[in-house]
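The values are calculated or read from the model by the stated rules, or taken from the named source; none is laboratory data. Here the structure is a predicted model, which means the values were calculated and not measured. All Cβ positions, glycine included, derive from the backbone under ideal geometry; neighbour counts span all protein chains shown. Ligands, DNA and RNA are excluded from the accessible area calculation, which covers all protein heavy atoms including side chains. Shrake-Rupley method; radii C 1.70, N 1.55, O 1.52, S 1.80 Å.
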Amino acid sequence: MNQMGASELRLRRLRQLGLAGAVLLAAVLAGLQPTGATAGNDPASKAPNVVVIMSDDQTTEELRVQANVLDEIGARGVAFDNNFVNFSLCCPSRSTFLTGLYAHNHHVFGNDAPRGGFERFEELDSNNDLPLWLQGAGYYTGQIGKYLNGYGASDPTLIPPGWNELNAISGPVDYYNYDINENGTLASYGQAPSDYVDDVITSKAVDFIGRRAAAGGEPFFLYVAYKAPHGGGPHPAGDRCSAGPEPAPRHFRAFQNEGLPASPSFNEADVSDKPQQIQSLPPLNNDDIATITTRYHCELESLLSVDDGVGRIMKALRQEHALRSTYVIYTSDNGFLHGEHRIPDGKVRLYEPSIRVPLLIRGPGIPAGRHTSDLTINADLAPTIVDAAGASANRIMDGRSLLDLASHPRQKTGRRLLIESQSYAAVRTQRYIYAEHNSGERELYDLSTDPAELQNVADTPEYADAQAALVTDLATLRSCAGLTCRRKRQLELRLHYTRRFSERHHPHSPLCARQPVMARVTGGDESQVRLASFRIGGSTVETTQAPFRVVLPRSAMSDSHPNELRATLDLADGARLTLDGEFEPTCR
């Protein structure tokens, strides 16, 4: 029996094409490659621009009211439907974005000094972060809006390393009555409707795009950080939104009749399975629910100004003929809770509304209108941008580039994500989230049957196998660095069959696969496989028994074109992994 992998099969095809054909095919493939590292290193071609648009405290559910975000970015790019943040709090999350590191590696653990805030980041990380790496690759860099919590407190006009242009809100980040450090000059804004902070941020972004696109020359990186839907004032329209964000005047009361998100975890009746901190929370009363509802209305209304801004930014890129050569990324720094598990508001918690955030990307080489359910995290943003720009990071990052996943959104990579805070560490896989609290309490939720996280199944016999695997995962991740944070599963798909020429008397005819064809999953992590599903044509064959091998059904194979096979593996810790293989047409 012979073994034949997909890469060996493609190599043999090149040989069969002959030298001239191989050269032609190589030229075609080079022309089809997405703009990225190759383009960035080619002096004859300009590297792509990158625009990152970040909201503040936005949940994935709230994305539904943003037509421009959905139409201009999502429908023309890829939506990452299982995207999370490592540390669900503003400053640690933004520090992860700027470094590609988990919080335990960039060491920014809060919004305030001494263990958090801008000064902590400046002390530890600001001399080795994303804008500096992009400048090193020839990019012109700009930042507009919220930077890091505490920025401007000690030096209101400081320009951090790596920024060619800075328009950062200096001091308190409010919707009105705030200051902006405009490239070293402090400008004050008042309480007129034209001073609404997110509209000012948008105008500055549009101006930046117009100037840099007209200038030509080096590509640009623009980081646009909005205030909404984070709470804050002042509230010139009255006290209605005093518990939440202040919407722009034109959007006030746009959602005043909207209901809260329909979640079974809202005001959870029985929290006896939760940690003591949750058990101590009283049920929400009518006043609590009214406050949460109004806050939610104000959040949705404030997001309309962000959506307007996205529309204007996309229009500016299109008018300057820069849109096709620009990656546009939309995300949020963290999510937010609205009464789930009796928690009236806030973030930092390990529950899904707090840690899951939007992520949509469009740009060169990225297919339009696609969704991927593979796991991603905010530590992936810097590696993705570095990859797209053809830049070099001066550190080994904890995240991974998403460009390959964006191009192949149906793949699953078997990832395990670290979710952390100062009071717990957790691992998130495709199926489970498992947390260990500093108090010694543990939580485990089977999200395939309990997406609302109502039943903590930690330490139950039924989930002992899964919990054991997750305990091992978490022990590795909570102290991981670089490659150990994104270790790939040691699993591969092997095909066993006999090859022969299609016609015995014509030795130069194409090779074909002789029956039977056996597929097997093997590797160092084989003991972690619990289900292997092999799909070929329209047929699926599954096995739960090691060794994980099956004979592929003859009826599902083609004898006229190459056969493509996908193995989907469910692992003990709830991760899911796909492996792809290919073999010749079957012999007639």
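Observations on the structure shown:
- Karplus (6.51, -1.76, 1.60) ³J(HN,Hα), θ = phi - 60°, over the stretch 290-304, in Hz, Gly and Pro reported as x: 5, 5, 4, 5, 5, 4, 4, 4, 5, 5, 4, 5, 5, 5, 5
- Of the beta bridges in the chain, as assigned by DSSP with both residues counted there, near 70 percent are antiparallel.
- Between Glu441 and Ser154, the simple label model (points 7 Å from Cα in the Cβ direction) yields a spacing of 3.7 nm.
- Residue-span extension gain [Glu123 to Glu492] - 0.36 nm each, minus C-alpha spacing: 128.5 nm
- Per residue, the stretch 208-351 exposes an accessible area of 38 Å² to a 1.4 Å probe, with every protein chain left in place.
- Label zone at Glu462, where the point sits 7 Å out along the Cα-to-Cβ direction: the stretch 405-449 residues whose backbone N lies under 20 Å: 429-435, 442-449
- Here the spin labels are modelled as points 7 Å beyond Cα on the Cα-Cβ line, and at Ala237 and Asn257 they lie 1.7 nm apart.
- For the stretch 195-208, the Karplus equation 6.51 cos²θ - 1.76 cosθ + 1.60, evaluated at θ = phi - 60°, returns couplings of 8, 3, 4, 6, 6, 5, 4, 4, 4, 5, 5, 5, 4, 4 Hz by residue, with Gly and Pro reported as x.
- Computed from the C-beta positions of Thr449 and Ile289, the FRET efficiency with R₀ = 30 Å rounds to 0.60.
- A 1.4 Å probe run over the protein chains yields, for the stretch 476-567, 58 Å² of accessible area per residue, whole-number rounding.
- Computed E for Asp270/Asp112 - FRET, C-beta separation, R0 35 angstrom, nearest 0.05: 0.50
- Evaluated with a Cβ-only charge set (Lys, Arg +1; Asp, Glu -1), the chain carries a dipole of roughly 3140 debye about its Cα centre, given to the nearest 20.
- Multiplying the residue separation of Arg514 and Ala556 by 0.36 nm and subtracting their alpha-carbon distance yields 13.7 nm.
- Working from label points 7 Å from Cα in the Cα-to-Cβ sense, the Ser527 to Gln422 distance is 4.0 nm.
- Measuring max minus min along each principal axis, the C-alpha atoms of the chain give extents of 87, 62, 44 Å (largest first).
- Across the chain, C-alpha contacts under 8 Å between residues 6 or more apart give a mean separation that, scaled by the residue count, equals a relative contact order of 18 percent.
- Probe 1.4 Å, all protein chains present, accessible-area order of Arg520, Arg356, largest first: Arg520, Arg356
- For the stretch 397-540, the Rg and Dmax computed from alpha carbons only, in angstrom: 21.0, 75
- Protein accessible area in the chain, 1.4 Å probe - carbon and sulfur %: 50 percent
- Theoretical gain in end-to-end length, Ser392 to Arg500 [0.36 nm per residue, Cα-Cα removed]: 34.2 nm
- Across the stretch 432-443, rounded Karplus estimates of 3J(HN,Hα) from the backbone phi angles (6.51 cos²θ - 1.76 cosθ + 1.60, θ = phi - 60°) give 10, 10, 10, 10, 10, 8, 4, 6, x, 6, 10, 10 Hz, Gly and Pro being marked x.
- Short-range pairs are left out: with C-alpha atoms under 8 Å and at least six residues apart, the relative contact order of the stretch 408-462 is 20 percent.
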